[in-house]
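Asks: Please find one structure pasted underneath; my questions will follow.
The values are calculated or read from the model by the stated rules, or taken from the named source; none is laboratory data. Here the structure is a predicted model, which is why all the values come from computation and not from measurement. Positions of Cβ are generated from backbone atoms using ideal geometry, with glycine treated the same way; all protein chains shown enter the neighbour counts.
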Amino acid sequence: MLDWNVDYNKLRMVALGEKPADLLLVNGKVISVFSGDIIDANVAVAGSYIAGVGNYKQGQTIVDLKGHYLIPGLIDSHIHIESSMLTPQAFAQAAVPHGTTAVLADPHEIVNVMGLEGWHYMVNASRHLPLDFFWQIPSCVPATHMETAGGAIGTQDMIEALELFPDCPALAEMMNYPGVVYGSAPVLELIRQANERGLIVEGHAPGLRGLQLNAYLASSCSSDHECTSAEEAQEKLQLGMRLLIRGGSAAKNLQALLPLVNEHNYHRCAFCCDDRHPADLLREGHLDHILRKAIVAGLPAVRAIQMATLNPAVHYRLIGRGAIAPGYLADMVLMDNLRDFNVEQVYKQGQLVAKQGQYLGETNAASDINTGSSIILPELGARLDMNPPPGASKVKVIEVIPDEILSHSLVMPAREALENPDINRMAVIERHGRNGNVGLGLVKGFHINKGALASSVSHDSHNLIVIGKDKESMEKAVLKIAEMGGGMAVVEGDQILAALALPVAGLMSPRAAAEVAANHEALEAAARSLGCNLPAPFMTLSFLALPVIPELRLTDMGLVDVNAFALVDLWD
């Protein structure tokens, strides 16, 4: 966060050349995100701030950039840290070497499990790291009335959250867009309270168009990261929405949306990851990976940089961030070229915090959190049995779409669906000790021909979700999750093929990114051995319980028709 006790007199004197810079970066090509120019200039840093960009000669420490490119620190405009399965400290250690210096983070995963205790943990665990975490207050805890969460957020909770983290820029993604459109009183009151406190209200409106989109925007929802087509994105841009183009581990909308970006609207666009798995962070990168893909797809390099720096800073009112200019924080990234985006050095507030992929920044002792098991399961008995009731002839089936978090809704003859080798059984089990609900469903597209997958990561209420071919494997996987206090497991019969413990709220591991990534890759390999060929099976699985993403979802309360925003019968 900004240090308002800056020595302006020192900054002024360095800017005038009357005093040596603390850090002087020379012989670099500086990207001006304001004008789109590339400037041959030196950068003078005083303390944590940039004093000037120009013909500076004096510095206590002088670094020769050898003609390489200096860009502002990268800003992820929307991410859930918990979905990396890493604590804030481990996430920083993985992301900073890729040039990320700030993230707009929505902790609604842990808050759905633990309420404000989860908010306190994330805020405290992210202090004193060389990565700015701008925590947004979750707007939908629970996301809807059709699921059971472990926590809840109302207007009083918002006030308490702001007291702990007054730098909060926004009410996080308003996923309950039907609640906005149809005038849910608690939803509209939360938005009103956020506006009164000067918070931006972030949007989340997959597929919303026409008059309903107008109603959503009229309620002050400002952005969207859920567009999957250029036509949908164009309408939202025309009506004033900010477009956050996503390149995550599960949902990848870059190719579909980039052709829309032009000289007239690029300033209304930014990049985000939303969800990023640890193996992808370590192997491919963070926003630098998105920049590489965007440039290959034809987006001019400087424009891509603007969308990953200045644009999110402007939208979220992050004063002093997003540019290399006098008076801005000295958050800078050195790259060898503007095609491959190989990150050579990362500076955070004038300090070198990463070099050639190695993290050099501070670590902190993560604040205490109750790491006792957050998994409280009901007795299962016969509750995982999948038998059609007498007279049922048809059944509703969720069909997954690879590389998307959207799903299709199918209606099939009941017996045909149960015998179809490409359709798996599915259950969502309430794990917060509230009511012991078990919701049952069928899903097509996982291609599991034996065994089961289970996880305590299932957006957004994070009940325990399991998918499989037979009841015995499913139950074994569920029991393994409970034994670990949360996590993910792949099971075949009575054999555990792979498992990853996530004891922090059933969402995160206290381990380093490399260890978590290795375990997660073993999970995905085990899933492939069962026949599953989805690129990110556990990420896809986690979204099957999110009842605000069309078309059909499953929660602990049962099957949800998202378009109708209602619980529906599985069998007809």
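Asks: Just checking, which of GLN89, GLN58 is of a type outside the set (Ser, Thr, Tyr), within 30 Å of HIS462 (Cα to Cα) and surrounded by fewer than 24 Cβ atoms within 10 Å (Cβ to Cβ)? It would help to see each step written out before you state the result.
Replies: Details: GLN58 fails: within 30 Å of HIS462 (Cα to Cα).
Just one listed residue meets the conditions, GLN89.
Asks: Looking at LEU554, LEU544, LEU559 in this structure, which one is more than 23 Å from the chain's Cα centre (by Cα), of a type outside the set (Gly, Ala, Ser) and closer than 29 Å to ARG415 by Cβ? Step through it out loud before you land on a result.
Replies: Details: LEU554 fails: more than 23 Å from the chain's Cα centre (by Cα); LEU544 fails: more than 23 Å from the chain's Cα centre (by Cα).
Of LEU554, LEU544, LEU559, the one residue that is more than 23 Å from the chain's Cα centre (by Cα), of a type outside the set (Gly, Ala, Ser) and closer than 29 Å to ARG415 by Cβ is LEU559.
Asks: If we keep just the residues of region 454-476 that are among the polar types (S, T, N, Q) and not in a loop (DSSP other than H, G, I, E, B), which is surrounded by the most Cβ atoms within 10 Å (Cβ to Cβ)?
Replies: Here is the first cut: in region 454-476, the ones among the polar types (S, T, N, Q) are 455-456, 458, 461, 463, 473.
Subsequent filtering for residues that are not in a loop (DSSP other than H, G, I, E, B) retains 455, 473.
Details: SER455: 28, SER473: 25.
Residue satisfying both the conditions and the ranking: SER455.
Asks: Quick one: which strands (runs of 3 or more DSSP E) sit completely within region 306-407 and have at least 2 residues that are touching a residue at least 40 places away in the same chain (Cβ under 8 Å) and more than 30 Å from SER455 (Cα to Cα)? Write out each step before concluding.
Replies: On the way: elements: 332-335, 343-348, 351-355, 394-400.
Output list reads 332-335, 343-348, 351-355.
Here's the yes/no breakdown for (1) hydroxyl-bearing (Ser, Thr, Tyr); (2) touching a Pro at 6+ places or on another chain (Cβ under 7 Å); (3) more than 16 Å from VAL30 (Cα to Cα):
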residue: LEU287; (1), (2), (3): no, no, yes
residue: LEU299; (1), (2), (3): no, no, yes
residue: ILE305; (1), (2), (3): no, no, no
residue: THR309; (1), (2), (3): yes, yes, no
residue: ILE319; (1), (2), (3): no, no, yes
residue: MET332; (1), (2), (3): no, yes, no
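Asks: Across region 36-49, which residue is surrounded by the fewest Cβ atoms within 10 Å (Cβ to Cβ) among those that are outside any loop (DSSP other than H, G, I, E, B) and out of contact with any helix residue (DSSP H, G or I) (no Cβ under 9 Å at 6 or more places or on another chain)?
Replies: Filtering region 36-49 down to residues outside any loop (DSSP other than H, G, I, E, B) leaves 38-46, 49.
Checking the rest, the ones that are also out of contact with any helix residue (DSSP H, G or I) (no Cβ under 9 Å at 6 or more places or on another chain) come to 39-43.
Working: ILE39: 16, ASP40: 10, ALA41: 20, ASN42: 22, VAL43: 28.
Across region 36-49, the extreme among qualifying residues is ASP40.
Asks: What pairs come out if I take residues in region 217-233 that are within 13 Å of LYS252 (Cβ to Cβ) and pair them with residues that are in a loop (DSSP other than H, G, I, E, B) and among the polar types (S, T, N, Q) whose C-beta lies under 7 Å away, six or more apart or interchain?
Replies: CYS227/ASN253; THR228/ASN253
Asks: Consider ALA294 carefully, then state whether it is under 18 Å from SER83 (Cα atoms) and either free of Cβ contacts under 8 Å to residues at least 24 places away in the same chain or among the hydrophobic types (A, V, I, L, M, F, W, C) (or both). I'd like the intermediate steps shown before the answer.
Replies: Details: under 18 Å from SER83 (Cα atoms): no; either free of Cβ contacts under 8 Å to residues at least 24 places away in the same chain or among the hydrophobic types (A, V, I, L, M, F, W, C) (or both): yes.
Judged against the criteria, ALA294 is not a match.
Asks: Pick from LYS29, LYS19, LYS66, LYS57: which is in contact with a helix residue (DSSP H, G or I) (Cβ under 7 Å, 6 or more places away or on another chain), basic (Lys, Arg) and not in a helix (DSSP H, G or I)? Spell out the reasoning first.
Replies: Details: LYS29 fails: in contact with a helix residue (DSSP H, G or I) (Cβ under 7 Å, 6 or more places away or on another chain); LYS66 fails: in contact with a helix residue (DSSP H, G or I) (Cβ under 7 Å, 6 or more places away or on another chain); LYS57 fails: in contact with a helix residue (DSSP H, G or I) (Cβ under 7 Å, 6 or more places away or on another chain).
Answer to the check: LYS19.
Asks: On to the next question. Quick check on LEU243: is it touching a Cys at 6+ places or on another chain (Cβ under 6 Å) and either farther than 22 Å from MET508 by Cβ or at pLDDT 95 or above (or both)?
Replies: Details: touching a Cys at 6+ places or on another chain (Cβ under 6 Å): yes; either farther than 22 Å from MET508 by Cβ or at pLDDT 95 or above (or both): yes.
Yes.
Asks: Under the condition of being surrounded by 24 or more Cβ atoms within 10 Å (Cβ to Cβ) and touching an Asp or Glu at 6+ places or on another chain (Cβ under 6 Å), which residue from region 434-453 is farthest from GLU492 (Cα to Cα)? Explain how you work it out, then say what you get.
Replies: Just the residues of region 434-453 that are surrounded by 24 or more Cβ atoms within 10 Å (Cβ to Cβ), to begin with: 439, 441-442, 446, 448, 451-453.
Filter once more, so that each one left must be touching an Asp or Glu at 6+ places or on another chain (Cβ under 6 Å): 439, 451.
Details: GLY439: 22, GLY451: 4 Å.
This residue is GLY439.
Asks: Are there any pairs, at least 6 apart or on different chains, whose C-beta atoms fall under 7 Å, with the first in region 61-79 and polar (S, T, N, Q) and the second assigned to a strand (DSSP E or B) and crowded, with 24+ Cβ neighbours inside 10 Å, and if so, which?
Replies: Note: pairs meeting the criteria are SER77/LEU104; SER77/LEU244; SER77/ALA270; SER77/PHE271; SER77/CYS272.
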